[in-house]
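The next block holds one structure in the form of structure tokens; read it before the comments.
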Amino acid sequence: MLRSLPAVEEILQDVQIKELLRKESRHLVVECVREAISELREKIKQGELFAENSLKSLVITQTQKMLIKKSRYNLQSVINATGVILHTNLGRAVLSQKARAAVAQIAGSYSNLELDLTTGERGSRYSHVLQLLRDLTGCEDALVVNNNAAAILLVLASMAKGKEVIVSRGQLIEIGGSFRVPEVMEQSGAKLVEIGTTNKTYLEDYERAINSETAALLKVHTSNYRVVGFTHETSTEELVKLGREKNIPVIEDAGSGVLFDLKNYGIQGEPIVQELISTGVDIVTFSGDKLLGGPQAGIIVGNKSIISQVKKYPLTRALRVDKMTVAALEATLKEYLDPQGVVENNPALNMLTMPLAKLQTKAERLKHLLAAALPDAEITIEEGYSQAGGGALPTTNLPTFLVAVHLANLSAEKAAHRLHTGEQPVLVRINQNKIILDPRTILPGEEQLLVSAFQGLTVAKI
Ligand SMILES: *Cc1c(COP(=O)(O)O)cnc(C)c1O
């Protein structure tokens with residue numbers, strides 16, 4: 001059998017391989033053929049192949065598979081069937097159609113990123129979103145940096161290096177990926193002054209801690225957990241009043257960027273940026289890619305004199321955003337000018353506010369498609385919950401309809417593994433040996449790809 005293995009040249013003469021050569025470089029195709037042959041050689045040596053296998057056709061199929069794998073990018077689209085809308089491991093917010101188009105346009109041409117087209121003079125990359133942020137939040141000035149962690153670091157470093165910043169013990173949060181308030185503060189050079197207790201912090205606690213070294217009062221939104229029961233948190237209004245009296249600026253890290261009230265959709269518990277700004281708080285920071293539904297960014301809005309000081313701080317340059325971020329953010333924010341439209345067009349908001357009836361329809365359609373493709377599987381619809389994720393709305397369970405798939409000859413664990421390692425990766429949940437699919441986060445047009453991935457599960461691998 002080893003002697004009858006085809007030579008590279010022989011394979012390259014095959015019509016199917018010639019077809020591949022028309023699309024891909026000869027170098028890459030030859031490499032795949034070589035690897036396919038050597039893989040088969042190993043299999044023969046291990047006694048895994050038998051004389052009746054046509055070696056030539058095996059080499060060709062293996063070359064085709066290898067080429068698909070090698071020409072694919074490492075960073076690729078995955079189907080998120082977990083029902084977690086903002087999944088940090090899966091890239092958080094999916095951008096809207098308009099935001100994607102804006103990125104593609106700006107990426108493929110020169111732009112006025114730092115040029116004022118009316119005067120022909122040097123402009124600022126932040127100017128493109130300034131008026132939108134003013135209209136949407138009521139702020140005086142704004143700055144956009146790499147992410148919210150960078151925003152907080154920068155604000156603290158520029159305002160409070162070598163001085164004291166007062167924070168409630170109940171708000172010393174850790175966000176996944178090791179963003180910890182005390183550590184960020186240490187990096188910024190500001191000295192953390194902890195006050196109150198885990199469950200209760202009063203205005204008097206802040207008042208007592210203020211001295212000549214105090215540079216700011218910091219309030220941090222407890223995005224990914226809630227302290228419930230016997231609790232007291234000092235409101236932003238109270239802090240602003242105290243800050244005014246003592247002439248100390250108040251900073252609030254809002255976590256997610258919620259720009260308008262989502263109460264009508266049953267979503268509550270996240271601070272609304274505009275409401276914070278209207279209390280007179282000096283600085284608010286928030287993420288671009290959480291509930292705002294935009295690109296990764298840290299948005300700083302607030303008082304003009306403080307923000308102009310932050311803009312001049314040398315670290316700002318190191319944390320600045322790219323033109324593609326500015327393009328995506330401008331397009332995302334522009335859609336917020338029409339609150340009803342944005343709920344329809346922004347994928348994060350659309351998924352967050354998706355009506356139960358629509359989820360049921362989506363679940364039934366998916367069940368139907370899967371049942372047709374997998375005659376041996378047991379497929380049912382169950383009631384369950386989705387999550388906002390991304391460190392937002394930790395106690396909000398979003399009711400949904402789930403599709404549960406029980407495969408006849410494959411454990412849910414194995415199937416889930418094959419689904420995320422497959423050609424079209426699919427991320428699922430597992431419950432009681434069933435694969436659970438939440439239609440909320442399956443994007444329009446992904447159903448068919450999902451069904452094909454399931455069909456591929458039972459195909460034996462050579
Ligand atoms: C998510 C979060 C951060 C970190 O934001 P990134 O944009 O991920 O850097 C900081 N603070 C709070 C309160 C958060 O919720």
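See the values below:
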read-out: Taking the range 104-245 and dividing mean pair separation by its residue count, relative contact order in percent (alpha carbons under 8 Å, at least six apart); value: 20 percent
read-out: For peptides 434-447, 279-292, 64-77, sequence by mean Cβ density within 10 Å, most packed first; value: 279-292, 434-447, 64-77
read-out: Folded to 0 to 90 degrees: helix 148-160 orientation relative to the chain principal axis, Cα; value: 30 degrees
read-out: From phi via Karplus (6.51, -1.76, 1.60), per-residue ³J(HN,Hα) for the range 205-215 in Hz, x at Gly/Pro; value: 4, 5, 4, 5, 7, 6, 8, 5, 8, 6, 9
read-out: Amide H contacts of His232 (H built 1.01 Å from N, under 5 Å, at least 5 apart or other chain); value: Lys200, Thr201
read-out: Kirkwood hydrodynamic radius (C-alpha pairs) into Stokes-Einstein, the range 184-280, 10 °C and 1.306 mPa s, D in µm²/s; value: 107 µm²/s
read-out: Stokes-Einstein D in µm²/s, Kirkwood radius over Cα pairs - the range 80-224 at 20 °C with 1.002 mPa s viscosity; value: 115 µm²/s
read-out: Proximal lysines relative to Lys200, as straight alpha-carbon distance under 24 Å, when same-chain residues fewer than 8 apart are discounted; value: Lys191, Lys219, Lys241, Lys246
read-out: Pairwise Cα inverse-distance average, inverted: Kirkwood Rh of the range 269-383 (Å); value: 17.7 Å
read-out: Rounded to 10°, Cα long-axis angle of helix 26-45 versus longest principal axis of the chain; value: 60 degrees
read-out: The range 311-404 - charge dipole about Cα centre, Lys and Arg +1 at Cβ, Asp and Glu -1, debye rounded to 20; value: 760 debye
read-out: The range 104-113 - phi-based ³J(HN,Hα) in whole Hz, Karplus 6.51/-1.76/1.60, Gly and Pro as x; value: 4, 4, 6, 5, x, 8, 6, 8, 8, 3
read-out: The chain, relative contact order [Cα under 8 Å, separation at least 6], %; value: 19 percent
read-out: Where GluC sites (Glu not before Pro) fall in DSSP loop in the range 27-59, at most 12 other Cβ within 10 Å; value: Glu48, Glu52
read-out: Amide H contacts of Lys219 (H built 1.01 Å from N, under 5 Å, at least 5 apart or other chain); value: Ile251, Glu252, Asp253
read-out: Rounded to whole Å, sorted largest first: equivalent-ellipsoid semi-axes of the chain, Cα gyration tensor; value: 50, 27, 21
read-out: In order through the range 181-195: 3J(HN,Hα) via Karplus (6.51 cos²θ - 1.76 cosθ + 1.60), integer Hz, x for Gly, Pro; value: 3, x, 6, 5, 5, 4, 4, 6, x, 7, 9, 6, 10, 7, 9
read-out: Alpha-carbon centroid distance for the pair the range 269-334 / the range 1-50, whole angstrom; value: 54 Å
read-out: Calculated on alpha-carbon atoms, Rg and Dmax of the range 23-86 in Å; value: 16.5, 52
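Each reported figure results from applying straightforward, stated rules to the coordinates on display, with no laboratory input. The structure displayed is predicted, hence computed values, not measured ones. Here Cβ is always computed from backbone atoms with ideal geometry, including for glycine, and neighbour counts include all displayed protein chains.
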